[in-house]
Amino acid sequence: MHLVYPAVLSALLFCTGVYGVLARRNAILVLMSVELMLNAVNLNLVAFDAWLRDSLHAGQALTLFVIAIAAAEIGIGLAIVLMVHRARGTSDIDRLRDTSEPAMDRFPDGTGLSGTDPSGAAPARPDDPAGPAATNAEAGA
Amino acid sequence: MNLATHGAALQAAAGHGFLSPSGVEIVFLLVGVVTLGAAVLTVTTRQLVHAALWLVVALGGLAVEYLLLTAEFIAWVQVLIYVGSIVVLLLFGLMLTKAPIGRSPDADSAGRPAALAVAVAAAATLVWVVTDAFRATWIDLDGPAHGSTKVTGQALFRHWVLPFEALSVLLLAALVGAIVLSRKYAAEAGAGPDAGAGTDAGGRAPRTGERQS
């Protein structure tokens with residue numbers, strides 16, 4: 001088999017995962033995209049292990065390790081997302097603007113909680129003209 | 001195309017046909033198209049539960065690709081762990097965070113064009129580099145299976161025992177950490193000023209209601 005096939009497929013899968021991580025808003029969808037990226041790396045490892053015929057089977061052993069670490073990562077990540085959802089009522093990463101306690105958003109530096117809210121439930125403060133623009137810029141970064 | 005001319009030029013030297021692929025390559029290509037399409041749908045669909053189900057298709061397709069690359073044990077581990085447990089965990093996560101059933105208009109963030117530009121640029125660069133580097137490289141898939149359970153198990157428990165055991169400790173620590181993170185602290189919830197005081201079984205803090213009302 002030509003080595004280009006699995007290598008190109010894994011590159012494209014990785015870039016799909018990159019797009020998902022950057023463009024998705026729900027934290028669980030971001031975790032799914034991270035899983036896609038890890039799987040692209042696994043495909044690369046398996047393909048190069050089959051090409052090199054390593055006597056230690058380093059590629060396949062590392063693939064198994066990556067799968068186990070992905071399981072651990074998804075467990076921890078989902079626990080964190082559930083905890084954030086329980087504390088704040090949302091799992092949209094755009095709205096998680098601060099690392100402070102929930103009581104802190106009464107202060108002027110906690111303006112981001114209402115930045116890109118599409119329902120308009122919490123309008124942006126009029127004294128913060130850079131609010132939605134800054135939120136868009138940070139979400140795109 | 002540039003690549004095709006290179007392949008035709010290399011065909012005589014290497015004895016492999018770039019433009020006349022073997023059966024394994026055709027199957028790999030077809031399954032790869034399905035996998036990539038499912039992955040793209042995973043990151044673009046607006047229905048959150050459908051994203052998880054398309055992820056099942058993508059991961060299953062990758063398991064078939066592992067089988068085609070003679071890595072049987074990895075393929076079954078992929079089916080068991082990814083399709084069997086990780087996607088189920090993700091579905092539980094979607095359920096517990098009250099993900100909307102049906103189309104949700106705010107599934108994508110505002111930085112979507114920038115994300116698309118980054119992804120396309122990265123894809124173009126990576127594909128160009130990879131095809132340029134490995135256009136004359138072939139995997140020899142003949143002979144005994146390189147990744148059967150026996151071979152993988154011998155390699156794993158002969159050469160990779162220490163990382164394997166360290167990984168088991170890591171997995172235990174991660175799962176204990178997940179349990180500690182997701183349990184509710186009754187004493188702290190009662191003592192705190194307002195944070196988590198009303199975190200009832202439904203998982204909604206009272207502040208949430210007042211923000212949404």
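Annotation note: Cβ proximity below 7 Å between a residue of segment B:102-117 that is more than 7 Å from every other protein chain (Cβ to nearest Cβ) and touching a residue at least 24 places away in the same chain (Cβ under 8 Å) and a residue that is crowded, with 16+ Cβ neighbours inside 10 Å and in a helix (DSSP H, G or I) (sequence gap 6+ or interchain) occurs for B:Ser104/B:Leu48.
Of the residues making up segment A:19-41, those that are over 17 Å from B:Gly37 (Cβ atoms) and either of a type in the set (S, T, N, Q) or not assigned by TED's automatic domain parsing to the domain that holds A:Tyr5 (or both) number 1.
Per the conditions (1) under 23 Å from B:Gly147 (Cβ atoms); (2) at the interface with chain A (Cβ under 9 Å from one of its Cβ atoms), the sole criterion not satisfied by B:Trp76 is (2). Filtering segment A:88-97 for residues that are more than 26 Å from A:Ala40 (Cβ to Cβ), aliphatic (A, V, I, L, M) and modelled with pLDDT under 85 leaves a non-empty set. Within the span defined as segment A:49-71, every residue fails to be touching a helix residue (DSSP H, G or I) at 6+ places or on another chain (Cβ under 7 Å), part of a helix (DSSP H, G or I) and touching a residue at least 40 places away in the same chain (Cβ under 8 Å). Of all residues in segment A:32-60, those satisfying the criterion of being more than 7 Å from chain B (Cβ to nearest Cβ) and of a type in the set (A, V, I, L, M, F, W, C) are A:Val34, A:Met37, A:Leu38, A:Ala40, A:Val41, A:Leu45, A:Phe48, A:Leu52, A:Ala58. The numbered conditions (1) without any contact (Cβ under 8 Å) to a residue 60 or more places away in the chain; (2) surrounded by 22 or more Cβ atoms within 10 Å (Cβ to Cβ); (3) closer than 20 Å to A:Ser10 by Cβ are all true for B:Ala71 except (1).
Residues that are hydroxyl-bearing (Ser, Thr, Tyr) number at least 2 in the following helices (runs of 4 or more DSSP H) confined to segment B:80-186: B:112-133, B:149-159, B:161-182.
Taking the criterion of being without any contact (Cβ under 8 Å) to a residue 12 or more places away in the chain and among the hydrophobic types (A, V, I, L, M, F, W, C), the residues of segment B:37-50 that qualify are B:Val40, B:Val43.
The residue pairs whose first member lies in segment A:26-38 and is in a helix (DSSP H, G or I), whose second member is basic (Lys, Arg), and whose beta carbons are closer than 7 Å, counting only pairs six or more residues apart or on different chains, are A:Val30/A:Arg24; A:Ser33/A:Arg24. Of a type in the set (A, V, I, L, M) and either more than 21 Å from the chain's Cα centre (by Cα) or more than 7 Å from chain A (Cβ to nearest Cβ) (or both): does that describe B:Ala133? Against the criterion (of a type in the set (A, V, I, L, M) and either more than 21 Å from the chain's Cα centre (by Cα) or more than 7 Å from chain A (Cβ to nearest Cβ) (or both)), B:Ala133 qualifies.
The values are calculated or read from the model by the stated rules, or taken from the named source; none is laboratory data. Given the structure is predicted, the values throughout are model-derived calculations rather than measurements. A quick note on method: Cβ atoms are made from the backbone with ideal geometry, for glycine too, and the neighbour counts reach across all protein chains shown.
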